[in-house]
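S.K.: Quick one: structure below, then a few questions.
What follows draws every value from the coordinates through simple rules; no lab data is involved. All values reported here derive from a predicted model rather than from experimental measurement. Cβ atoms come from the backbone with ideal geometry, glycine included; neighbour counts cover every protein chain shown.
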Amino acid sequence: MRLNIRAGGVIRKGPERELVDDYLRRSEGLSKACGFLSISETQIDLRSAKSRAEETRTLLHGLDPTHKLVVMDERGKSLTSRQIAKTLANWRDDGISETHFVIGGADGFDPSEIPDNAIRWSLGAQVWPHKLVRVMLSEQLYRALSILTSAPYHRD
C-alpha cells in the first residue's frame, strides 16, 4: 500500500518543511520493512481557488474512489498511535493499494464537497495551523510504521 499526504498549500522552506521532510525520509526507511510500498507528500497550490468549496474540490480532484480517503478534521475521530498503526496494517492486509491523508487549506474543508466514503480523523480537539498538521501527521505516520516494525521510537 502507498501512503500519501495530500496537503493544501505549498511549504517551500522553513522549520515545518524540514520536519516534514525528516519524518518522510525516516518513514521511507521503515515502510518497505512492514509491507508499504512508499510514503509521499503532494502539495496542492490553492491560491487560485475562489472559495472553500473550490479548495476542497481541488484537493480531492483525481483521487481514485477505490483508494482510502482520510480527511484531517478537528471534528474527526481521534485515534491513538497504536490504533493508527493497526488501522494502516488492516488496510494493507485488506489489499488497499493507496491511502490519501488530505489536509485542507487555512479555512478547512467545505463539508458538502467531502465524499461519503471519506474517513475523518483528528489530531485532537484543538484547531491547528495546517502547516503544523502536516508535521504532526508526518510524525504520526512515522510513529505508526515504527510500531509496525517494532522500532524503538514509540514508547507506551
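S.K.: What lysines does K86 reach when the alpha-carbon gap must be under 25 Å and sequence neighbours fewer than 8 apart in one chain are set aside?
M.R.: Hits, sequence-local ones excluded: K32, K68, K77.
S.K.: For the chain, what is the mean residue ellipticity at 222 nm derived from helices alone (per DSSP H run of n ≥ 4: -39500 (n - 2.57); sum divided by total residues; nearest 500 deg cm²/dmol)?
M.R.: -12000 deg cm²/dmol
S.K.: Same structure again: For a quick protection proxy, order the peptides 134-143, 64-73 by their average other-Cβ count within 10 Å, most packed first. Please report the intermediate quantities before stating the final value.
M.R.: Details: 134-143: 22.0, 64-73: 17.5.
Result, highest mean first: 134-143, 64-73.
S.K.: Nearest-5 percent of antiparallel DSSP beta bridges in the chain?
M.R.: Roughly 5 percent of the beta bridges in the chain run antiparallel, per DSSP.
S.K.: Sticking with this one: Taking springs between alpha-carbon atoms closer than 10 angstrom, which of G105, G62, G29 fluctuates most in the Gaussian network model of the chain?
M.R.: Most flexible of the set in this elastic network: G62.
S.K.: May I ask for the net charge around D94, where only other residues with Cβ less than 15 Å from the Cβ of D94 are counted and Lys, Arg are +1 while Asp, Glu are -1?
M.R.: Its environment carries a net charge of +2.
S.K.: Using a cut-off of 11 Å between beta-carbons, work out the net charge of the residues near A85 (Lys and Arg +1, Asp and Glu -1, A85 not included).
M.R.: Numbers: positive: R82, K86, R92, R143; negative: none.
Once positives and negatives cancel, what remains is +4.
S.K.: If you line up the Cα atoms of the chain on their principal axes, what length do they span on each, largest first, in Å?
M.R.: Sorted from largest, the Cα extents of the chain read 45, 35, 27 Å.
S.K.: Rounded to the nearest 0.05, what FRET efficiency is calculated for R57 and T80 with R0 set to 25 Å and r the Cβ-Cβ distance?
M.R.: Given R0 = 25 Å and the Cβ-Cβ separation, E is 0.20.
S.K.: Hydropathy at least -0.5 by Kyte-Doolittle, axial extent at least 20 angstrom from the Cα trace: which helices of the chain, defined as entire DSSP H runs, fit?
M.R.: 130-148
S.K.: Can you tell me the order of 17-25, 92-100 when each peptide is scored by its average per-residue count of other Cβ atoms within 10 angstrom, highest first?
M.R.: 17-25, 92-100
S.K.: Additional query: Over the alpha-carbon set of region 1-88, divide Rg by the Kirkwood Rh and report the Rg/Rh ratio to two decimals.
M.R.: 0.98
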